[in-house]
Amino acid sequence: MLGLPAHVRACLFDLDGVLTQTAKVHAAAWKEMFDGYLRERATREGTDFVPFDAVGDYDEYVDGRPREDGVRTFLAARGMHLPEGAPGDPPEAETVNGLGNRKNELVLQRIHEEGVEPYDGSVRFVHAARAAGLRCAVVSSSANCQDVLRAAGIEDLFDERIDGVVTHERRLRGKPAPDTYLEAARGLGTDPGEAAVFEDALAGVEAGRAGRFGVVVGVDRVGQAEQLRAHGADVVVRDLADLLEER
């Protein structure tokens, strides 16, 4: 009934863009942060200001990655490199951590002002998976994962949570490395080959493929089905409810 291979015993879900409608909030916060920084730097150095693309740049360099990795990866693509700084750097600091903290302040402000809505189809699918006896986990790069789950009213649907806080505490590599998904499978007592990964981020489907999970489901919210398949998705759907409706 779930549109998954019969051997799948667990479901591992990304948060933003898969379970909750927060990917666009993150993309807007990244753009606001990077555009502000890039404009300041261009003015200081007398160079042209080239804005951050909230679709192309977000998908390629930022989406699904830990916050600091997103800062590093995007800046490296522009030929820019900053000192790491420290996790407690103020948002105005010109460091990797400073820019990451600046973005985090912006996204928290947007979430507070706009609220958080889950995708109805995803909630239906999680309920169906649990009713079928499958265990469920959230695997997110966000350090705000628990707050978002609570705000969306879906925290109680998951048996395990591997988020940005846990990733840091356990010294796991972030997506596109498979570490966080492998950790979630271990927490559920499931072999990777018996777990399904659900991702909307290119880095996330790469992580699912690298971890040799039983099936990697790409969730195409923005018209990138071909890219999701190219990066490792076995199946691509527009909404998780599509898997239920196919049966």
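Mind grabbing the base-10 log of I(q)/I(0) for region 59-189 at q = 0.18 Å⁻¹? Debye formula, identical points on the C-alpha positions, no solvent, two decimal places.
Results for region 59-189 at q = 0.18 Å⁻¹ read -1.10.
Under the definition of Cα pairs under 8 Å and six or more residues apart, what whole-number percent is the relative contact order of the chain?
In percent, rounded to a whole number, it is 25.
When the helices in the chain are scored as -39500 (n - 2.57) per DSSP H run of 4 or longer and the sum is shared across all residues, what 222 nm value do you end up with, to the nearest 500 deg cm²/dmol?
Working: 10 runs with 109 residues, N = 247.
It lands at -13500 deg cm²/dmol.
Modelled label-to-label distance, L108 and H168, 7 Å Cα→beta-carbon offset: nm?
Reported label-point gap for L108 and H168 is 1.1 nm.
Give me the percent of DSSP beta bridges within the chain that run antiparallel, rounded to the nearest 5. Please report the intermediate quantities before stating the final value.
Numbers: 1 of 20 bridges.
Of the beta bridges lying entirely in the chain, close to 5 percent run antiparallel.
Could you please state, rounded to a whole Å, how far the C-alpha centre of region 130-164 is from the C-alpha centre of region 173-196?
14 Å
For a Förster distance of 45 Å, can you work out the FRET efficiency between the beta-carbons of R130 and V50, rounded to the nearest 0.05? Provide the component values of the computation, followed by the final result.
Working: r = 46 Å, r/R0 = 1.02.
It comes to 0.45.
Run the quick spin-label model on A77 and M1: label points 7 Å from Cα toward the beta carbon, then report their separation in nm to one decimal.
The two pseudo-label positions are separated by 4.1 nm.
For the chain, what % of the accessible area comes from carbon and sulfur atoms, probe 1.4 Å?
Carbon plus sulfur share of accessible area: 47 percent.
According to the Kirkwood expression over distinct Cα-Cα pairs, how big is the hydrodynamic radius of region 110-157, in Å?
Working: mean 1/r = 0.0850 Å⁻¹.
Evaluated on region 110-157, it is 11.8 Å.
Counting only Cα atoms, I'd like the Rg/Rh figure for region 190-247, Kirkwood definition for Rh.
Numbers: Rg = 10.8 Å, Rh = 11.2 Å.
Expressed as Rg/Rh, it is 0.97.
How large is log10 I(q)/I(0) at q = 0.18, 0.21, 0.25 Å⁻¹ when the Debye formula is applied to the Cα atoms of region 117-198, each weighted equally and without solvent?
-0.78, -1.04, -1.34
Using alpha-carbon pairs under 8 Å, 6+ residues apart, how would you state the relative contact order of region 31-134 in percent? Don't skip to the end; give the middle numbers.
Details: 81 pairs, mean separation 17.4, N = 104.
It rounds to 17 percent for region 31-134.
Helix 120-131 versus the longest principal axis of the chain: what is the Cα-based angle in degrees, 0 to 90, to the nearest 10?
40 degrees
The values are calculated or read from the model by the stated rules, or taken from the named source; none is laboratory data. Everything numeric here is computed off the predicted structure, so don't read it as measured data. Note: ideal-geometry Cβ built from the backbone for every residue, glycine included; neighbour counts use all protein chains shown. Note: accessible area is taken over every heavy atom of the protein model, side chains too, but ligands, DNA and RNA are not part of it. Shrake-Rupley method; radii C 1.70, N 1.55, O 1.52, S 1.80 Å.
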